[in-house]
Structure formats: C-alpha cells, structure tokens
1. Quick check: is even one residue across the range 56-63 within 16 Å of the ligand (Cβ to nearest atom), assigned to a loop (DSSP other than H, G, I, E, B) and over 23 Å from residue 384 (Cβ atoms)?
2. May I ask you to verify whether residue 47 is away from the ligand (no atom under 16 Å from the Cβ) and in a strand (DSSP E or B)?
3. Give the residues of the range 65-98 that are within 16 Å of the ligand (Cβ to nearest atom) and out of contact with any strand residue (DSSP E or B) (no Cβ under 7 Å at 6 or more places or on another chain), sorted by residue number.
4. Considering only residues that are in a loop (DSSP other than H, G, I, E, B) and under 20 Å from the mean Cα position of the chain (by Cα), look in the range 95-135 and name the one that is surrounded by the fewest Cβ atoms within 10 Å (Cβ to Cβ).
5. Sort through 460, 453 and tell me the only one that's touching a residue at least 24 places away in the same chain (Cβ under 8 Å) and either touching a helix residue (DSSP H, G or I) at 6+ places or on another chain (Cβ under 6 Å) or surrounded by fewer than 17 Cβ atoms within 10 Å (Cβ to Cβ) (or both).
6. Report, ordered by the first and then the second residue, all pairs with beta carbons closer than 7 Å, sequence separation of six or more or different chains, a first member in the range 124-144 that is free of Cβ contacts under 8 Å to residues at least 60 places away in the same chain and in the same structural domain as residue 45 (by TED's automatic domain parsing), and a second member that is within 8 Å of the ligand (Cβ to nearest atom) and part of a helix (DSSP H, G or I).
7. Between 185, 269, which is in contact (Cβ under 8 Å) with a residue 12 or more places away in the chain, surrounded by fewer than 20 Cβ atoms within 10 Å (Cβ to Cβ) and not in a strand (DSSP E or B)?
8. Do we have residue 97 as in contact with a helix residue (DSSP H, G or I) (Cβ under 6 Å, 6 or more places away or on another chain) and closer than 19 Å to residue 55 by Cβ here?
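The values are calculated or read from the model by the stated rules, or taken from the named source; none is laboratory data. Treat the numbers as computed from the prediction; the structure is a model and nothing was measured. Here the Cβ positions follow ideal geometry from the backbone for every residue, glycine too, while neighbour counts run over all protein chains shown.
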Ligand SMILES: C[S@@+](CC[C@H](N)C(=O)[O-])C[C@H]1O[C@@H](n2cnc3c(N)ncnc32)[C@H](O)[C@@H]1O
C-alpha cells in the first residue's frame, strides 16, 4: 500500500546524494546580474528555501557555505528529511529542514523568501503538488525574489516518452512486490520486446539507448527519474505560463549551453529574427533538442540600466575553482562543445592564477590588459568559465563573512563521515558559496589535516586505516600503503593550496 504522503511518488527507495551548484545563491545572483537583474539578497541577511531537497546534500552545503543566508527546506519523504537533518545536526548547522509535503508548506510558519529553489522536482510531481508549489511561490516569494527550477522539457524526450509510459504501465498492471522488483520486471519486459524486434525500437533508436541506460544505471536513480506516477514533460512556454499564475516572469536560463553561448552560436546563421521570449526559449529547446532546463524566474522583472549593471558586474570578483594551469578555452556542454576566445581566456587565467584570492572583474580587466577588449566579451568569457566551474563568482557582501565557522564544521562532519562510507562526496567552500567535489581519499586527508597532520607521512598514517578497511586492502600491504603516502604528497602539493584559496582549509597549506 502506498504511504499517505507519497502522492504517487516513489516511496520505498531513497534518492541519490547528488550536489547541484546551480542552486547556490552566488551562482544564481551572478547570472541574474549578467542578464541585467539585481537580486534582493544584496547586503544583509536573506532567506532561502529549497523545495524537495532529496537527501539534502545541496541545501546543507549551501547553508554551510553562505553564512548570510537563513536556510529552510522540505522533503516529504521521511528518510530524506531525516538524513538532511542528521547532516545538519552533525555540523551544528542552524537550518530548518522540514519533512512536509508542498501542500502542508502553504500553512507552515515560514518567512518571506529571497530565493526559492527546486531541482529535479517539477516534472516528477502530480498536478496537485505542482499547484501547491505555484501557490507557495505566490505567497512566499518576496518582491525582487528569485525562483530556480529545473525540469524535463520537450522536445528532447519525444522518442523516449512512449517507452517510459509502457514501463510505467507494466509496473502498475503486471508488477507485484516492492518498487525495485516491479521496475526490474518492467525493464525485462521491454528488453524482451526489443529482442523480439518490436517495430517501436527499430524506429526510435533513442528509446533503445534509454533502455540500455536504465539497465546500467543505479536503480534508485532510475526509480526516481522514471517511475513516479507523474512524468510531466512540459514545453518551456507552458511552464512559464504556469509560473505566471504565481506572479513570476522568466529572467534567464542557467543551462550550460546558454551560459557558454552555445545556443547563441548555433542560431547565428539561422535567420530566425527577434522572437517573443517564451517562443525564443522554446525555439532554443528545438535547436538543441533539449531534454532538461534550468531556469531562473523573478518576481518583478525590472532591469538595471546597462551602465549600472556593468558597474555592478565589474565589482564582482572571481576565483579559481581548479588547480592553476588547468583553465581551458574549450568547454564541453551536454549538447556539444564551445571554444572561447583563446587570448581573452589566457589573459583572464593568468591574472586569476597569479592572485592568492578572488580578483574583481574590474582589476582583471586592468591587470590582464583587457581594457581595449569590448567589456561584454570579457563578461561573456568570465561567465562561460563560471558556467563550467573553472571560476566562481564572489560577491563583496559574502566575502566579508567567508571566514565563518559554519563551513568548517560541515567539512569536518563530512570528512569524519568519509571514514564510514562514500555517500558524502562534496565539501563546502565559504569563499564561493558552493560545494566542491572531493575524492574519498582527499576527504580522509582533510580528516587527518583537522587532527593536526601537516606532512605526507602523517596524513597517510591517519587516512590509511579507514581507507584499507573500506577498500579491502590488507593492513600489511606495503605497496598500497606507499601509494597512499604518494597521494598525500600530491594532496599537499595541488589540492591543499586550492582548498586554502577556497576556504576549505582555513589555515594556509
Ligand atoms: C527527483 S528528487 C530530487 C531531489 C533533489 N532536489 C536533488 O536534485 O537531488 C525529488 C524530491 O522531491 C520530493 N518530493 C516529491 N513530491 C513532494 C511533495 N509533494 N512534497 C515534498 N517533497 C516532495 C521527493 O521525496 C524527492 O526527494
């Protein structure tokens, strides 16, 4: 029997522990500014709410890395809410993670929000829950506030949609037992149809690829992606209309293909002319045959005067997210690749790499000898590098609080957890306000660092026992033990200086 709270949502398999940097306040704020919008979160404190936070990795990292924010969120799956709450408690983080459904959120005692985010939620919830979300946005978003939503979009799923409908029907009408059993049964069924040369698979090769992906992927992800009762595929224009009912207007896309200029380059020769924004975005989705969008909507879409927007952007700083020497002008996107102007990229990279901390874009222009380059070209190149997480934006009002203890406590909790298992794979950077992926051994070295280890043999000595216990290496395996010491030396040489820059190590490496 389904749980009362589940509303057709998969309720007996937990979701994965992913992290999504697009939900971080400074990332959203930077691209709003690129598009001419100021955000209400300037200056003092702000309120943030994530709806459907899953295991709560993103929301916990963002709460830890952004001390100006007061963070709230919900997920009605009790296992998810509990995991998120335990992570916060382990890091003494003051955050309000609730276990309420979206309908119940309407009457909860909550403030007005500057940011409301939903990642991977909209397409997977039923009409009643979508209605509650729109109502929540209408009631709870401040004027000047922003909403980030990601969702599946047409036309990119045209070939696969019928397969998902068949699989879903099979789990409902032919399946029995737990969700994972019914999913396996449905996948076997589709596999038999394909082997029997069902014409659908011949004529829709992408559906066959989707079946292969589903057979290969983690069943928990497959369950949440394809086996909720709702798999609501929308066109951009329909979603924009739904959100208009909540008083929201489209501000910008945060999809990498848009942020790196890929869509812009592809449309250049097409002569499609000026289009009304909803038609323009829907057309872009056809140009890429896009399946997923990441969009920002605002309440109050008044644009900044161009000169003010430029001045505010020049005042934003950027910092390096990778080891020096690795900034590249060739960027991969989900739909292809984009090559930036190599000389502007090199000049930007040189200045950022030679600075110990974040550099204001105004200083980048001056020190990088970019004053004769059109300003918009510099902004676009910086933005494309930010989109690729090669650089991260840093706002002055956030930077003043970057030394807060919140992120350190979260990182210690995560490093400590690495001794037990590999579920928490990101750390909080209080400089960028974002999470940063870290391998298990790097997190174990962080654990050792926090114990006071500073030399490779000490780091290796502390990291080795939990590493050996979870990889199955024999305690006496001298070769494996030596490898860990080599990796500790590499950590000190490459990772530790980067983490110091990013505030993950709060004492210079
Ligand atoms: C696909 S998962 C995405 C999780 C997370 N945002 C992420 O991207 O990792 C959708 C989440 O929404 C939650 N959810 C679905 N319907 C909900 C509802 N009506 N009220 C509250 N949470 C809901 C689910 O429990 C699930 O954790």
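1. Taking every residue of the range 56-63 in turn, at least one turns out to be within 16 Å of the ligand (Cβ to nearest atom), assigned to a loop (DSSP other than H, G, I, E, B) and over 23 Å from residue 384 (Cβ atoms).
2. Answer is yes for this residue.
3. 75, 76, 77, 78, 79, 80, 82, 83, 86, 87, listed by residue number.
4. Selected residue: 120.
5. Only one candidate qualifies: 460.
6. Final answer for the pair search is 132/102; 132/103.
7. 185 is the lone residue from the list that is in contact (Cβ under 8 Å) with a residue 12 or more places away in the chain, surrounded by fewer than 20 Cβ atoms within 10 Å (Cβ to Cβ) and not in a strand (DSSP E or B).
8. Spelling it out, residue 97 is indeed in contact with a helix residue (DSSP H, G or I) (Cβ under 6 Å, 6 or more places away or on another chain) and closer than 19 Å to residue 55 by Cβ.
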